[in-house]
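All remarks here apply to the structure that follows.
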Amino acid sequence: MKSTLTLSFITLALLSACSTPPPASTWRYSVPEQPEAASGNTDKPGWAYARQAVAAANPLATDAGHQILRAGGSALDAAIAVQLVLGLVEPQSSGIGGGAFLLHFDGSKVTAHDGRETAPAGARGDMFLGENGKPLSFDEAVLSGHAVGVPGAVRMLEEAHRQHGALPWAKLFEPAITLAEQGFKISPRLHTLLQADSHLRKDPLALRFFYNAQGQAWPAGHVLRNPEYAHVLRGLAVKGSSALHEGPVAQAIVARSAQTPRPGALTLQDMGSYRPKAREALCFDHTVTARTYRICGFPPPSSGQIAIGQILGIMANTQPKGAELVNDLPSPDWLHRYTEASRLAFADRAQYLADPDFVRAPAGDWRSLLAPDYLRERSQLMGAQSMKVATPGQPGGAKTSFAPMAPQIEYGTSHISVVDAQGRAVAMTTTIEAAFGSRRMVSTDPSRPGGFLLNNEMTDFSFAPTDAQNRPIANRVEPGKRPRSSMSPTLVFDKPTGQLLLSGGSPGGALIIHYTAKLLTGTMHWGLNAQQAVNLPNFGSLNGPTLLEAKRFPTGTLDALKAQGHEVREMDMTSGLQAIQRTPKGWFGGADPRREGVVLGD
């Protein structure tokens, strides 16, 4: 059932495509209509535009980016405006207290901007171990001050804006400041997550802001104002990232991370010394029948692009038995081959992937994990029966003293895709990790309601620094290190011409890898449009059970997989895919029906 919110923004998109944008010099942000919406899955038609488009996880954020484009902003400008609004209206997923990976295409070159959080200088390898020497539970770790990493998103976006921005930095803050001051209507998804969260109420600032006097989450449609967030954004608009990494805001961040339980080690020096990193995008070729694609993603400390490349590459070395889609669903044979390839990829991920400034790539090059001969060799380990749990390989004959990282819970994030009329594009995945991060709200003035939430990104490190044999784990905590991520912002090109074909990505913790691989498979292999590919049921394996989205596959598929030795688990798999795909007439955008996102453009 289509929600009134989605229908309203579909209408807005049609009207905006027919109107004339104002010149940048006279543009002023205008707040769009904010009707209430139904929660749960919402049918989405996909959106076609001729020149430019923005896809994001909340209609207000998408609209802010669209208005920036129409005012003459670049794709990067639009992404910044989107992020700032998401930090207000989708605080459970991302914000100025977190980090992000951004891929930018300027029409000829892809650049990778790393705004991943870092471990404080005082971080210790054993800080997520209890008194008994065993790893803490996930909740214990998340709610501790040790969970907070040095935020990186704002400083990274500032650096990217210097290179790719068109509008003044301060202009990009107008939508978020206006919405924070005038208020926005709480969405059904935000209400549901606030009501269900058992920890956010423990923070006095968050309790006062997100809940009523009886401790109940404000209902969907309630107008929520955040004057403290507006105050912080005004400082950032004038002073840049120094307004976050120095002065009162930095002091408030450090103070919040230092509070019990388990006070963290974050200092003002950690805040002031943070620097984003420019990295080389990791690209590989992928051929489907007679067409070769160039798929570009993020290198380590993200594990996403390597895992996706391994899954697609291993699959390319297997032979299908019959149709891959049956009744518009992945067939049991295809799911068997996909999840077996996933087990092999996730085994390598656990063994090798970590911050490249601290851990040497196998055989001295991360591309060794994507080498055709290596992937062909790995594919030969697959058979008619599930291997259940795969072991890591040795790319390039690599020897390692590291132990594989044990499975660990991962959460969170949001994704933004933008293409502008000048041929520039952005794919950015952004995060504070778990829903509502570390559940620590930052405010420089407690008399002013609101603020922003701090990340719990340190829990993306291995809780245990070594295994039972005392072998170190590559993704262990070390001072100044960036935790391994699954974020997979992706840009796809036609290899012969270099033409951009798709920008996409998703939230979802470690399952981001599978959600993004599903998008790529659907569009490149099965000829689906972006919305059809996003709509497909979710699936995957993290090198354990075969995971299937609950109530989306027929009993026959489950039985066939079980007959091949799979331990099948049906579960909620709430992806949040956003994608913009080139068509002969321009662009076609898709947004995940499982969340609130929409696509707007011209």
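Each reported figure results from applying straightforward, stated rules to the coordinates on display, with no laboratory input. Just so it is clear, the model here is predicted, and its values are computed rather than measured. When we count neighbours, we look across all protein chains shown, and the Cβ atoms used for this are built from the backbone with ideal geometry, even at glycine.
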### Query
Where a Cα-Cα gap under 29 Å defines reach, which lysines qualify for Lys388, not counting those fewer than 8 residues away within the same chain?
Lys134, Lys321, Lys399, Lys518, Lys551, Lys562
### Task
Take the Cβ-Cβ distance between Glu181 and Asn41 as r, set R0 to 41 Å, and report the resulting FRET efficiency rounded to the nearest 0.05.
0.80
### Message
Within region 316-345, name every residue whose backbone N is under 17 Å away from a label modeled 7 Å from Cα of Met387 along the Cβ vector.
### Response
316-319, 335-345
### Query
So what's the back-of-envelope 222 nm ellipticity for the chain, counting only DSSP H runs of four-plus at -39500 (n - 2.57) apiece and dividing by all residues, rounded to 500?
-9000 deg cm²/dmol
### Task
Would you compute the Debye intensity of the chain from its alpha-carbon atoms alone, equal scatterers and no solvent, and pass along log10 I(q)/I(0) at q = 0.06 Å⁻¹ to two decimals?
-0.27
### Query
Quick one: if you stick a label point 7 Å off each Cα along the C-beta vector at Ser447 and Gln195, how many nm between them?
3.5
### Query
Just how large is the dipole of region 98-217 about the Cα centre, in debye to the nearest 20, putting +1 at every Lys and Arg Cβ and -1 at every Asp and Glu Cβ?
220
## Note on the structure
If the chain between Asp357 and Thr583 were fully extended at 0.36 nm per residue, the gain over the current Cα-Cα distance would be 77.4 nm
### Task
Please report, in debye to the nearest 20, how large the charge dipole of region 544-598 is about its Cα centre when each Lys and Arg carries +1 at its beta carbon and each Asp and Glu carries -1 there.
280
### For region 551-602, the spread of Cα positions along each principal axis, largest first, Å
49, 25, 14
### Query
Could you give the nm distance between label points at Asp139 and Ala290, where each point is 7 Å from its Cα heading toward the beta carbon?
5.9
### Task
Considering Cα pairs under 8 angstrom that are at least six residues apart, work out the relative contact order of region 280-386 and quote it in whole percent.
28
### Query
Using unit Cβ charges (K, R positive; D, E negative) and no other charged atoms, how large, in debye to the nearest 20, is the dipole of the chain about its Cα centre?
340
### Query
Along the charge dipole of region 508-583, which of Ser541, Thr516, Trp526 sits closest to the positive end, that is, farthest toward it, with unit charges on the beta carbon of Lys, Arg, Asp and Glu (+1, +1, -1, -1)?
Trp526
#### Entry: Per-pair calculated FRET efficiency, R0 = 30 Å: Thr555 and Arg376 via Cβ, rounded to 0.05
0.30
### Query
Which order do Thr287, Thr178 fall in if you start with the one that has the fewest other Cβ atoms within 10 Å?
Thr287, Thr178
### Message
Just to be sure I understand the model, the point goes 7 Å from the Cα along the line to the Cβ. What's the resulting Gln319 to Glu246 distance in nm?
### Response
6.6
### Task
Report the calculated FRET efficiency for Asn470 and Lys399 (r = Cβ-Cβ distance, R0 = 30 Å), to the nearest 0.05.
0.95
